[in-house]
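What follows is one structure encoded as C-alpha cells, with my remarks underneath.
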Amino acid sequence: MRVLLAPDRFSGALTAVAAARALARGWAAGAPDDDLVEAPMSDGAAGFLDVVAAARGGTLVPATVPGPLGEPVPAAVLHVPGAGGGTAYVEADQVLGRHLVAEPDRRAAATTGTSAGLGALLAAAVRTGAGRVVVGLAAAAVHDAGAGLLAGLARALGVGGFPDGFDRGGTALATLPPVPAEAVPAVRAALGGVDLVLALANDVPLLGLHGAGALLGQDPAVGPATAQELERAVGHGAAVLERAAADVAVARPALALAGGTGEPARTRLARQEGSGAGGGAAFALRLLGARALPGAEVVADAVGLAARVSEADLVVTGTSVLDAAALTASVPATVGRLALVRGVPVVAVAEAVETSRHEVAQIGVSGTYALVERRRGRPAPGPVTPVARLEERAARLARTWST
C-alpha cells in the first residue's frame, strides 16, 4: 500500500517537514510493509520555503533585511532554476512574522512597524534573474498597507518618487500626502516582466469589520481603540495609494476560494478578500499587478501534489486546527479536493478537531483524528512531546487503515 504523507505545519516548532517525517516513522512502526511518500505542504505561512525546497531543491540566497521594528533580521530567497529564469520564492513571515516581536512591543509593531524589509527581500528575489516571484503571505506583526514594502522595494531597485517617511508604519498613513503619479509606475517598470504571484495563507481584507485591522483589536497588546485609529489611518493611506496606482494595476485574478468567484471588480481593492495578508503587503503588491491565489493551491502546484496523490492508495494530511475556516482554503482542504476527484481516501490529523464527519466529507476527508484524545474532558495519557504524539497517532492510524 502506498501512503502519501502531506501535512501542514502544526503549532510551535513542529514544521511541515518535521511533521511528515514523524508521520512516516509512526506509520512505519504500525505498517512496516507500506510504501511511504513524504510530501510536506504549506499554505504560504511559516515554513513555506522549507516545503518548496524539500520538493524542488534550488538555491537559498541569504539576505539581511529590516524586521518589523527596523532591526536587522536574517532571511533568504529560494531560487529554483527553470525556463525564463526560473522561480524565486519569498516567505514574508521571515521578516514580518509575529514571532519577531516580543509581547511588550506588539502595539509598537502594529502602529509604527514597517514592511520595508519585505520590499528589500523582494528586490533580492528579482536580482536572482527569476521570471516569476512567488510571495508567501500570512498574518503579520505590522499593519502599514504595504507602504513600507513599496518604499523599501523602490530604494532597493534604485527608484525614487516616494515621500520621506513613507515607511513609518500604519499610524503615519493618516497624514500621507498624495503620492507622485510616477512613483508606483516606476516600481512596476523596474520589475520588468517579472510575474508576481501571492500565495495567501488567509483571505482577510485590509479594511472592514472583518479586516486585518479589526483582527488586531482582538490582541490585548493592541486593543480596539488602537485598532480603530489604525483603521482610519490605513484607510486614508490605502485610498492615496489606490489613486496613485490607478494607471498601473491591471486586471488580475483576485483571490477566489473554492465555491466562490472573488469580489466584484468595482469593490475597492483594500476591501477585497486577501488584501490584508501580510499587514496589507498583499494590497500593495496587488497594486503592482500581482496575482493573488490561495497559498495551499500555489504550493500544491509547485510541489506536484496532484501527481503524487494519483499514485497513492491513501493520503494522510494534518494541521494545527481543523475548523470551519479550514474547510475553504487550507492544506487539508486542498489535499482533500485533489484526492476526492481521484477517488483516493484522505485522513486528517489535527491538534484540535472542530468539524463534523459530514463537514469534512465535503472536502474529501474520510476521517479526522485529534492528536491527543480526550477522556471525560481531559487529555488521555500518552507521549509528552508533539513529535512523539504524532508518531504514536500515525502508528495507530496505520493499524486501522493499512490494507
Please work out the FRET efficiency for the pair Q362 and E71, using the Cβ-Cβ distance as r and a Förster radius of 45 Å; give the result to the nearest 0.05. 0.50
Under 12 Å from a point placed 7 Å out from the Cα of D301 along the Cα-to-Cβ direction: which residues of the stretch 178-207 have their backbone N that close? 196-200
Subtract the Cα-Cα distance of V384 and T64 from 0.36 nm times their separation in residues, and report this length gain in nm to one decimal. 111.6 nm
Calculate the radius of gyration of the Cα atoms of the stretch 48-298 to one decimal place, then report Dmax, the largest Cα-Cα distance, as a whole number, both in Å. 16.4, 50
Note down the net charge around E311, summing +1 for each Lys or Arg and -1 for each Asp or Glu among other residues with Cβ under 14 Å from its Cβ. -1
Förster radius 35 Å - calculated FRET efficiency between E229 and D195 (Cβ-Cβ, nearest 0.05): 0.45
For M1 paired with A102, estimate the spin-label separation in nm (one decimal), with each label point 7 Å from Cα along the Cα-to-Cβ line. 5.1 nm
In the chain, what % of DSSP beta bridges are antiparallel (nearest 5)? 30 percent
Say each of T400 and D313 gets a label point 7 Å from the Cα, pointing the same way as Cα to Cβ; how far apart are those two points in nm? 1.8 nm
Set the Förster radius R0 to 22 Å, insert the Cβ-Cβ distance between D35 and V341 as r into 1/(1 + (r/R0)^6), and round the FRET efficiency to 0.05. 0.45
What does the charge add up to near M1, with Lys and Arg as +1, Asp and Glu as -1, over the other residues with Cβ less than 11 Å from its Cβ? -3
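None of the figures in this text is laboratory data; all of them are computed from the coordinates on show. As the structure is a computational prediction, the values presented were derived from the model and not from experiment. For neighbour counting, all protein chains shown are included, and Cβ atoms are generated from backbone atoms with ideal geometry for every residue, glycine included.
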